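Here is the structure we will look at, set down as structure tokens.
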Amino acid sequence: MRALDIKKLSVQYHTERGVHRALRDMDLYVEEGEITGIVGESGSGKTTAMLAVMGLLDKNSTVRSEKVTVCGEPPVPGVNIAMVFQDPQSCLNPTVKIGRQITETIRARRHCGRREARDRAVELLDMVGIGDGKKRMRQYPFELSGGMRQRVVIAIALACEPKLIIADEPTTALDAAVQAQILRLLKKIVEETGTALLLVSHDLGVTASLCQRVYVMHEGKIVESGTVEDVFYDPQDGYTRQLLSSAKQKRKNCGSPENQVLFRMEHVTKEYNTRDGIRDISLDFCRGEVFALAGESGSGKTTLARVLTGILKEDKGVLYYKGQPLDQKQRDRSRNKVQMVFQDPYASLNPCLTAGQVLEEALRAADIRDGSQRRRMGTVPARDNAAEKQSRSARRRDRKAEREARRKTICDMLKRVGLTEEYMEKYPSELSGGQRQRIGIARALIVRPELLICDEALSSLDAVTQEQILDLLLDIQREQGIACLFISHDMHVIRRISSRMGVMYGGRLVESGRTKEICSDPWHPYTKQLLEAVPEADPLRARRIRSLPLRKRTADKEQTGKGCPFAGECGYAMSCCTEQEPETYTFGERAVSCFLYAEKYSGRRDRDYIMTSQI
């Protein structure tokens, strides 16, 4: 019996602008105990199809089908089918601790007591890679990083004990190492319980590593299907070939960095408690370069970015702009110089504003900060004389000209990010995840910043759309000579677009240097683990990540705050690694925070000794 059987599924949306056919005659099935994938660009109808199966579409939609069954029965969310959503923040209650959200699901499914539900919740959190589950259960969603929230959502889905799990981009917010663990976990669940898994993803590497069969969607239709090997090695449809070609693109030309340092961080620390945040970070960002920052969710990448933008105030250390220390007054003046594209596009956009209003608001704010908007304060003019009428008429013409200029600027920016003028009138709820991310990118670029921070800006985009956005970002970066801090867990993208990179773990910068050198010859044990876990868009090569062991965090290390943050998971750890944190050791352009590179612990070296990787 098939775990999921769909025949002739169609979905239409009824809007003020007419009827939009989002899905057309979709046929799909998933066998019991099978992992099947759906790939396609953002807006192709993947998530719409899954929401239709779950019965979660809005009232303005019409769903028609010949058949939709789960193990021969109608799908019942939380009973025989569960879904892991793409955006964990939107499906977790921000006012309820995560422990209660998990245990409520367990008790509803198992009809058990509170103690048994709490024990099961801790077990599930441990299964999805969240250590110290008892502590985490007492936290609210906003206290967790994006990746941790995603793992909580996976735990809630597993608590339902369903016959079919629909995973809609389940590893979007996770770094390669944690992603490998989650994929192995999902594979293990399918093998041990017989639960079927339908994986919706734009990441062809994830699909290749996990799935047995795959469906390719484009513009609301399935254009190709078959075994993963057949589709990846011998694609028949032109769109499938384009998708695979985009995933295998080589390094892009990201321009040559200039010698001028725009922003510099020296020994910057921002702590939320004894372990979270960032500690002793020193970095510089040069005009015209793309600097990439990699690391697992919760390692401090976003905290670093928010300190740079001024959203957070550092506890220690100094920030410099063009060689001058930044105080609060100077930060306010230079706020337009640093713009950020956030990881979660829906949470960063006002749901009550259209895309055009969002961009216009950014332009108005930039005018106010730059002092270029005219002040309309002064003495009260004389009553209705000819000069005053002429002045009012001139002001109206100026305001009209400003509105027209703003509209033209907004339209041009929308086109640059791959959207048409009609998107000006659309609200965030009417856009797909990828389209919302493009609006976020447009909002940041429209004020012409000197440093653009992209915090997982491509995490919700398919391979084809990623290429378009990367081309856009790099074109603007070369044209305007801006610096770009590119934060990502996607090592494929980092390898292709950045000239320098840093790797973060546990709030520390564990390694930095030239991207090409780090990716080909990692020095820090965590960097090596991160690179080895990256799945390729090749079924045979990608499946090697299944052999990676599930990592276990040591709770005592987090509580004491002593030692190297990676010591509990490092195969090269020495006794000193658990007692004290390593300094940062610099060798030319490479810097690494590991005792393997300290003379005190690795032995004296000759004066002419050239340091190489010690792992």
> Hey, residue 509 hits all of (1) open to solvent by 20 Å² or more (accessible area, probe 1.4 Å); (2) under 25 Å from residue 260 (Cα atoms); (3) part of a helix (DSSP H, G or I) but one; which does it fall short on?
Replying inline: (3)
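What residue, of 403, 443, 407, 396, is part of a helix (DSSP H, G or I), modelled with pLDDT of 85 or more, more than 30 Å from residue 262 (Cα to Cα) and open to solvent by 30 Å² or more (accessible area, probe 1.4 Å)? Even if it seems obvious, please write down each step before you answer.
Details: 403 fails: modelled with pLDDT of 85 or more; 443 fails: more than 30 Å from residue 262 (Cα to Cα); 396 fails: modelled with pLDDT of 85 or more.
Checking each option against the conditions leaves just 407.
Rundown of residues vs (1) among the polar types (S, T, N, Q); (2) modelled with pLDDT of 90 or more, yes/no style:
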residue	(1), (2)
297	yes, no
311	no, no
321	no, no
328	yes, no
353	no, yes
> Can you tell me which residue in the stretch 270-329 is farthest from residue 348 (Cα to Cα), limited to those that are open to solvent by less than 10 Å² (accessible area, probe 1.4 Å), assigned to a strand (DSSP E or B) and β-branched (Val, Ile, Thr)?
Replying inline: 281
> Just for the stretch 49-76: of the residues that are within 20 Å of residue 194 (Cβ to Cβ) and hydrophobic (A, V, I, L, M, F, W, C), which one is surrounded by the most Cβ atoms within 10 Å (Cβ to Cβ)?
Replying inline: 53
>> Tell me whether the stretch 458-470 contains one or more residues that are assigned to a loop (DSSP other than H, G, I, E, B) and closer than 21 Å to residue 356 by Cβ.
In response: no
> So which of 191, 169 ends up being among the acidic types (Asp, Glu), crowded, with 21+ Cβ neighbours inside 10 Å and touching a residue at least 60 places away in the same chain (Cβ under 8 Å)?
Replying inline: 169
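Given the residues 152, 214, which is the only one that is open to solvent by less than 10 Å² (accessible area, probe 1.4 Å), modelled with pLDDT of 95 or more and either in a helix (DSSP H, G or I) or closer than 19 Å to residue 3 by Cα (or both)? Step through it out loud before you land on a result.
Numbers: 152 fails: modelled with pLDDT of 95 or more.
After ruling out the rest, the residue left standing is 214.
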> Taking the stretch 589-605 on its own, how many of its residues are open to solvent by 70 Å² or more (accessible area, probe 1.4 Å) and within 14 Å of residue 518 (Cα to Cα)?
Replying inline: 1
> Say we look at the stretch 80-125 and pick out the residues that are in contact with a Lys or Arg (Cβ under 8 Å, 6 or more places away or on another chain) and in contact (Cβ under 8 Å) with a residue 60 or more places away in the chain; which of these is most open to solvent (accessible area, probe 1.4 Å)?
Replying inline: 89
> Restricting the stretch 221-238 to residues that are over 21 Å from residue 10 (Cα atoms) and of a type in the set (Ser, Thr, Tyr), which is least open to solvent (accessible area, probe 1.4 Å)?
Replying inline: 227
>> Could you check the stretch 32-62 and list, in sequence order, the residues that are in a strand (DSSP E or B) and either within 18 Å of residue 170 (Cβ to Cβ) or of a type in the set (Asp, Glu) (or both)?
In response: 35, 36, 37, 38, 39, 40
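The values are calculated or read from the model by the stated rules, or taken from the named source; none is laboratory data. These figures come from a predicted structure and were not determined experimentally. Reconstructed Cβ throughout: ideal geometry from the backbone, glycine too, with neighbour counts over all protein chains shown. The area values use the complete protein model at the heavy-atom level, side chains included, leaving out ligands, DNA and RNA. Shrake-Rupley method; radii C 1.70, N 1.55, O 1.52, S 1.80 Å.
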